[in-house]
Amino acid sequence: MANHMNAAKNKAAGKSLLGGAMIIAGTTVGAGMFSLPVVGAGMWFGYSMLMLAAIWFCMLVSGLMLLETNLHFEPGASFDTLTKETLGQFWRLVNGLSITFVLYILTYAYISGGGSIVNHSLEGLGINLPQSIAGLVFAGVLAAIVVISTKAVDRITTVMLGGMIITFFLAVGNLLIDIDTTKLFMPDGEPSYAPYLLAALPFGLASFGYHGNVPSLVKYYGKEPKTIIKALFIGTFIALVIYSCWLVATMGNIPRSQFIDIIAQGGNMGVLVGALSDVMASSWLNTMLTLFANLAVASSFLGVTLGLFDYLADLFGFDESRSGRFKTAAVTFIPPTVLGILFPNGFLIAIGFAALAATIWAAIVPAMMAYKSRQMFANSDSFRVPGGTPLIAIVILFGLLTGACHLLAMAKILPVYG
């Protein structure tokens, strides 16, 4: 009987690994798709790939540190609970504020990016809308889905992810076949690259944010560290591969000097997709690329706003009744949508700010919690991230460096391309 139970348990754990990995990959791939080629234009391909690999490693480790802490608590314990129990009330407040800020600013970024891409799509059909109105339409339609129910988001996101993967490989596969290696390895424009790496770091960090899902996976799988570690590794690695293909596709087709023009127009998504459309051979592939861009922003928007919606409902104590959901929706969607109408081209700026706050809850806090939980549960034989205290120090330093880079770039102290 015990063997039978074990077999059933292993089967359950083995069967759903893909589901967990997909949740992580789906959450991770978002903001980075359209910000990475633009912010990486200065340091270009080689340094962009080095930066991605290093950030992927640090963000995977910080996620594992969060998991290590999480396993000392009951499945279902939220990020909020973990911070409060290990680091106390002050850090709980800092962490909560940084999460709220990131979710709000990303919602605004996706409304800005969504407006830009909806506009680009409509221009192809000969319809011209002001970008702020396009953003309003984009936000309105998707907000309605979130208000209806979590199940609606789940179903629609699954369909979108499928569509995204298909359109991505159709469009990018063709771009990858047509790349010009001289553009990748001997780019035109000025000959300095490395100095631009620092200003791009925050955007790299924002491209690997999945940490809010770690407690959800513990709740989903129970205390099954092996399965969750695999899900985190596979999910973030899929994201790394997708980002790498995307950088090869964009940088191998658009000359480096052309990015100056893209950046001058605010670096928004429609502009980047427009530049790629110019080098694409057929209108059919162009349609695939545009469709991919629409799906990518929409699925990221749904993922982020669902998190924000649930978080705010919990914070303000709004119930699940119709009036309760409308109140939550008002608090969730009105502020970022108003911003989107007032500042339609703030996509890149918003992603940078999101990264600044994300350094706290995606790097610094998980590392501090791991350090503290090792003291609190010194005798526990639960999963522990290898590398000891030095690795914790590396993750905290990575968080501090990234935050400092964003502030220095904003103060115009670091060189920014374009």
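The values are calculated or read from the model by the stated rules, or taken from the named source; none is laboratory data. Note that the structure is predicted; figures quoted are calculated from it, not measured. All Cβ positions, even for glycine, are placed from backbone atoms using ideal geometry, and neighbour counts span all protein chains on display. Heavy atoms of the whole protein, side chains included, go into the accessibility calculation; ligands, DNA and RNA do not. Shrake-Rupley method; radii C 1.70, N 1.55, O 1.52, S 1.80 Å.
Results, tabulated for the structure shown:
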{"item": "Positive dipole terminus of the chain, leading residue within LEU71, TRP246, TYR193 (C-beta point charges)", "result": "LEU71"}
{"item": "Per residue solvent-accessible surface (Å²) - the stretch 135-204, probe of 1.4 Å", "result": "51 Å²"}
{"item": "Stokes-Einstein D in µm²/s, Kirkwood radius over Cα pairs - the stretch 350-404 at 20 °C with 1.002 mPa s viscosity", "result": "178 µm²/s"}
{"item": "Measure of compaction for the chain (Cα Rg per 2.2 N^0.38 Å)", "result": "0.97"}
{"item": "27 Å Cα-Cα threshold exceeded, pairs from LYS372/LYS412; LYS223/LYS372; LYS151/LYS219; LYS230/LYS372; LYS219/LYS372", "result": "LYS372/LYS412"}
{"item": "Rg/Rh ratio calculated on Cα atoms of the stretch 55-171 (Kirkwood radius)", "result": "1.08"}
{"item": "Kyte-Doolittle at least 0.5, axis length at least 24 Å by Cα - qualifying DSSP helices, the chain", "result": "44-70, 89-124, 131-148, 150-177, 225-251, 283-316, 322-342, 388-410"}
{"item": "Top of GLY222, GLY340, GLY114 by mean-square fluctuation, Gaussian network on the chain, Cα under 10 Å", "result": "GLY222"}
{"item": "Set of aspartates and glutamates near LYS84 by C-alpha distance (under 15 Å), chain-local residues within fewer than 8 positions excluded", "result": "GLU74"}
{"item": "Debye, to nearest 20: dipole size of the chain, +1 on Lys, Arg Cβ, -1 on Asp, Glu Cβ", "result": "960 debye"}
{"item": "Surface share of carbon and sulfur [accessible, 1.4 angstrom probe, percent] for the chain", "result": "69 percent"}
{"item": "Relative contact order (%) - the chain, alpha-carbon pairs under 8 angstrom, separation at least six", "result": "37 percent"}
{"item": "Tensor-based shape of the stretch 311-418 (alpha-carbon gyration tensor, a/c under 1.5 rounded, otherwise prolate or oblate)", "result": "oblate"}
{"item": "The stretch 243-293, accessible area per residue, ligands and nucleic acids excluded (1.4 Å, Å²)", "result": "32 Å²"}
{"item": "Gap separating the Cα centres of the stretch 258-313 and the stretch 58-132, nearest whole Å", "result": "18 Å"}
{"item": "Under-5 Å amide H pairs with GLY387, H placed in peptide plane, nonlocal only", "result": "none"}
